[in-house]
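Report on the following structure.
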Amino acid sequence: MIERQKQAKFRKPISEHTRKAFDAFSRVADAFSGNTIVDACCGVGESTVALSKQYPDCLVVGIDKSIVRLEKNPFYHGTSTGQCAKAVKNVFLLRADLADFWRLLSESNHKKAIKRQYILYPNPYPKKTQLVKRWYASPIMKYIISTHMNIECRSNWLIYLKEFQQALSVYGIDSVITVIDSQPLTPFERKYMLSGQDCWKLETVV
């Protein structure tokens, strides 16, 4: 199935709100002289702010489809402003359809500045019938990889990461999975760790 999706064409039209979000990102990226970190499915943006401190010289772009979640973060200014947060100068939060955003990013000059991509939402589409909706099993995977192969994916669901790892191998990319022994990046990780569960991270070898 992964091989079939690798060859599949994604024909869905780009949503208008994502085009506007990408235009806002482009303006910020053009004004920023450093590299860019992509925080996909950032939710309330807690991970985006944490990553901005890990990468102070990079623009950290947090992207989520839910304006309700994004508006819980004080650094969210709305897509139309095209401005970075004032308190944390290298944070930029966007509401966008990630499938569309990755397609636009993979075909733009901005991907040259991408340093690393984080996919931290822990258990998307857990039902077996929803498998094709997971990033690694969808036609979007090739756009993710085309944007940048330096990827970190985190979850408390080890099977999900092992399947992600198998999908990466179809694209010729090696990766390793280890237990997270650092501070949590997301509210999900914190909840799982406090309950005594292990959380895991997959990192590509590039």
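Restricting things to alpha carbons, find the Rg to Rh ratio for the stretch 116-206 using the Kirkwood radius for Rh.
Details: Rg = 12.8 Å, Rh = 13.4 Å.
Rg/Rh: 0.95.
For q = 0.09, 0.13 Å⁻¹, what log10 I(q)/I(0) does the chain give under the Debye formula with an equal point scatterer on each alpha carbon and no solvent?
Cα-only, vacuum Debye calculation for the chain: -0.32, -0.69.
In Å, what Rg and Dmax follow from the Cα atoms of the stretch 148-188?
11.2, 32
So what is the 222 nm mean residue ellipticity for the chain from helices alone, if each DSSP H run of at least 4 adds -39500 (n - 2.57) and you divide by all residues, rounding to the nearest 500 deg cm²/dmol?
On the way: 8 runs with 72 residues, N = 206.
Helix contribution divided over all residues of the chain: -10000 deg cm²/dmol.
Here are some pairs, K72/K127; K12/K191; K12/K115; K89/K115; K12/K111; which of them have Cα atoms lying more than 25 Å apart in this structure? Don't jump to the answer; show the numbers that get you there.
On the way: K72/K127 28 Å; K12/K191 36 Å; K12/K115 27 Å; K89/K115 18 Å; K12/K111 21 Å.
Pairs exceeding the cut-off: K72/K127; K12/K191; K12/K115.
Since every read-out is calculated from the coordinates, none of them should be taken as a lab result. Being a predicted model, the structure only gives us computed values, none of them experimental.
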